[in-house]
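Everything below concerns the one structure shown next.
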Amino acid sequence: MCDQPDGAELLRVARQCLLDDLLPALPEAQRYAARMCANAMAIAAREGDAGRSGAPSELSRLRALYPDLADEHSDPAQTQERLNRRLADDLRHGRIEAGIESDVFTVLTDRTRARLSISNPKHLSSWDSE
Amino acid sequence: MELTDPEVKQALGEFIAEQAGAGGARIVSARRLSGGAIQENYALKVRIDGGPMAGDQALVLRTDAASGVSVSLSRAQEFAVLCQAHQAGMTVPEPLWLCRTPSVLGKDFYLMRQVGGTASPRALTRSRLDAAQRAALVEQLGAEIAHLHTVRPPVSELFFLPIPAPTPALHRIRQYRSYLDAIGQPRPVLEWALTWLERNASESALITLCHVDYRTGNYMVDQGELTGILDWEFAAWTDPAEDLGWFCARCWRFGAWSRGAGGIGERSDFYRGYERVSGEAVDHDRVRYWEIMAAVRWAVIALQQAQRHLSGEERSLELALTGRMVPEMELDLLMEIRRIETGELDDV
């Protein structure tokens, strides 16, 4: 448990300060870097929020795909890495059914959408609006 | 050696005078242009006395950056490609002279004429061009690349360019898998797309000279008019549809997603320009195939750039953020391949 405001909230307010108060005072040549800083802070803030939400994790999706390989007791980060590696390898060698109607396609789409909702929600909505 | 050094300016002036058949040449100013971590570009103002180029000339000098370690073409090779493109009738900065004598700059460089305008993707995709200007611009961009694609192997001046084997597509797939292995991070979506590309690869292989980085951001436009196609360092013998797919790929529309030709205009106008010069119908499916390849390629490059930051080789906010762009290309791959498979393609 963190004190309030938490890290994500601190990033959001710092970003607002950067955009509203600092950016207008910067020479044109430095504005691109400042916008990149603001973008990095927005991603980090959303990542902080996602860590606390109850959305189904990438790991649970991978476990559903490989129930026999999912060891409940091992370190979650290591398990995720191991299952990702297995999935990548199976996909390269065509060892897993991965057509657009398959469970694999759903898992790949869900995890990519989850990652995009953190790194660039605008890109996500570009597909949703079509 | 720096271009501000009076001795370097003197040597460069003498080189230009000799090449231009002039009595003398003086470097009035030299300004480093932005962009390019691997190459350095300088805008030069040169005063030439006598000869056919007498008068003030605006030139660009292109050379390797001090830290330049590159897998792409050398400056001498790039100059040879640029000369071919110019001869093929493309709108490029006119290549003038290559210098391989170390006594001038200490490294290879070449000079070309400066072209005006902007290459900024943000400026171009958000510019207030009207529909007719957009159509004319992308039609010309289609015609331009078709001129390049008239150059077919063998060309003795381009002896250094390998012929991709067994086919351009399978060569790329092999290349991107080996890059992914070197990065060492599992990317299931990219593997999924590469397997799709492998299964759908065409067996026939038309091979032409290609730019291989033909996209918005790599050409200059001045008030709606194309002034020059830049950045020739990735040129290669490959499938001409690779250039068309790279140009149209969703990842190079800079947020102007509804404009299928480089975020600038309509795909149909781009194709029409191409067909006018090539005399053959553009194979739409083949371009779509290479758009999938384009998204994989850009994702792999983005992962490599993130790796440069993560390894400490070059810590940079821009490289770090590029790494977080990978899911954009991954979602594009999933959605575009699904559209191809279900036949739900529209004109965009």
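Readers should treat all values here as calculations from the given coordinates under stated rules, not as data from a laboratory. Predicted, not measured: the structure shown is a model, and the values here were computed from it. Cβ sites come from the backbone with ideal geometry, for glycine too, and all protein chains shown count toward neighbours.
The table that follows gives values for the structure above.
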| item | result |
| --- | --- |
| Relative contact order (percent, whole number), the stretch B:110-234, Cα cutoff 8 Å, 6+ residue spacing | 45 |
| C-alpha long axis of helix B:188-199 to longest principal axis of chain B, angle in ° | 90 |
| Kirkwood hydrodynamic radius over Cα pairs of chain A, then Stokes diffusion coefficient at 10 °C and 1.306 mPa s, in µm²/s | 90 |
| Only Lys, Arg (+1) and Asp, Glu (-1) charged, at Cβ; the stretch B:180-241 dipole about Cα centre in debye | 200 |
| Charge context of A:Arg52, other residues only, Cβ under 15 angstrom, K/R +1, D/E -1 | -3 |
| Reach of B:Lys9 by Cα under 19 Å, taken over lysines that are not fewer than 8 positions away in the same chain | B:Lys45, B:Lys107 |
| Neighbour net charge for B:Trp232 - beta-carbon separation under 11 angstrom, K R +1, D E -1 | -2 |
| Share of Cα-Cα pairs in the stretch A:1-61 lying beyond 14 Å, as whole percent | 63 |
| The protein assembly as shown - mean residue ellipticity at 222 nm from DSSP helices (-39,500 (n - 2.57) per run, n ≥ 4, rounded to 500) | -16000 deg cm²/dmol |
| Descending Cα extents along the principal axes, the stretch B:255-348, whole Å | 50, 31, 21 |
| Chain B, relative contact order in percent, only Cα pairs under 8 angstrom and at least six apart counted | 15 |
| Charge tally in the Cβ shell below 14 Å around B:Trp252, where Lys, Arg are +1 and Asp, Glu are -1, B:Trp252 excluded | -1 |
| Nearest 10 degrees, 0 to 90: helix B:326-342 Cα axis against chain B principal axis | 50 |
| Relative exposure of B:Arg253, B:Arg315, judged by other C-beta atoms within 10 Å (fewest first) | B:Arg315, B:Arg253 |
| Alpha-carbon Debye profile of the stretch B:5-158, log10 I(q)/I(0) at 0.10 Å⁻¹ | -0.44 |
| Alpha carbon Rg of the protein assembly as shown, scaled by the compact-globule rule 2.2 N^0.38 Å | 1.07 |
| Among B:Gly312, B:Gly260, B:Gly55, residue whose mean-square fluctuation peaks in a GNM of chain B (springs only between Cα atoms under 10 Å) | B:Gly312 |
| C-alpha long axis of helix A:7-17 to longest principal axis of chain A, angle in ° | 40 |
| Cubic angstrom per residue, convex hull over Cα atoms of chain B | 145 |
